[in-house]
Amino acid sequence: RVSDVEDFRERENTMAEPQKQIKQQQGLQHRKSIETRSPQYHQDRALKEGMLKNCDYTKSFSDKQIAIVAADCQIQEFKPADLIVREHDRALCMYILQAGEVGEYKNFPQPSALRTVDPWLMKDKRTQVFNTQNHVFCALSLFLGVPAASTYAAMKATIMLRVPVTAIQPVLANSRELVNNVAVMLLKNPSLANDQQASPDTMSKQRKNLAK
């Protein structure tokens, strides 16, 4: 909901200074000396930072801020039929597609214990297929804490960047400008725009307020 975006802005902008410092230190603790890292580490690091720089929600971050976020992100590989996130789950993270193909499913009926999707049996539940590099999944779950609106599963071998809330908070806690930038992007999110409580007039008014 649009009101959730405003709550997000207020929550991030009013975070107590000691808490900001703690979260920033938590993010920086992941950054060890470059000399002690392996070539694979450098490759993964470059991939993560490159994906974040091309992501609509984080492309306005500085190089230093991107590095802080990347330190707490994970590159994840999914086999065909592997579940990425389940509808109604509170993922508290977002995923950025690097390579592969992801199916979106609605009204997913299988028990929550299962971590795979039968692509043939579930074909009638599939609403979309995504294969565009840097496509973002579950942004509302990361920034607003809302449950995932759909189930997502790999349709072929897929590589994703998982961005947890712990990676984002240390950066947002120290920048009102970034909070506003992210809020503007959230207002453009189709999942939010389709919310029954997000009328066109309300959306327009909210954009004007964020632009001030």
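With Cβ to Cβ distances under 13 Å as the rule, what net charge do the other residues near residue 77 carry (K, R +1; D, E -1)?
+1
Rounded to whole Hz and in sequence order, give me ³J(HN,Hα) for segment 149-155 from the Karplus expression 6.51 cos²θ - 1.76 cosθ + 1.60, θ = phi - 60°, writing x for Gly and Pro.
Along segment 149-155, the couplings run 7, 8, 8, 10, 9, 5, 9 Hz.
Counting Lys +1, Arg +1, Asp -1, Glu -1, what net charge surrounds residue 141 among other residues with beta carbon under 10 Å of its beta carbon?
0
Any of 53/188; 48/123; 125/156; 53/125; 59/156 with alpha carbons more than 25 Å apart? Name them for me.
Pairs exceeding the cut-off: 48/123; 53/125; 59/156.
How much of the accessible area of segment 42-107, probe 1.4 Å, is carbon plus sulfur, in whole percent?
Carbon and sulfur: 44 percent of the exposed surface of segment 42-107.
Using modelled amide H (1.01 Å from N, peptide plane; none on Pro or chain starts), what sits under 5 Å from the amide H of residue 98, excluding residues fewer than 5 places away?
Those lying under 5 Å, H to H, from residue 98 are 134, 159, 160, 161.
Given H placed 1.01 Å from N in the peptide plane, which residues other than close sequence neighbours of residue 55 have an amide H under 5 Å from its amide H?
So residue 55 has HN proximity to no qualifying residue.
The values are calculated or read from the model by the stated rules, or taken from the named source; none is laboratory data. Source: prediction; values computed, not measured. Using ideal geometry, Cβ is built from the backbone for each residue, glycine included, and neighbour counts are taken over all protein chains shown. Areas reflect the complete protein model, heavy atoms only, side chains present, ligands, DNA and RNA absent. Shrake-Rupley method; radii C 1.70, N 1.55, O 1.52, S 1.80 Å.
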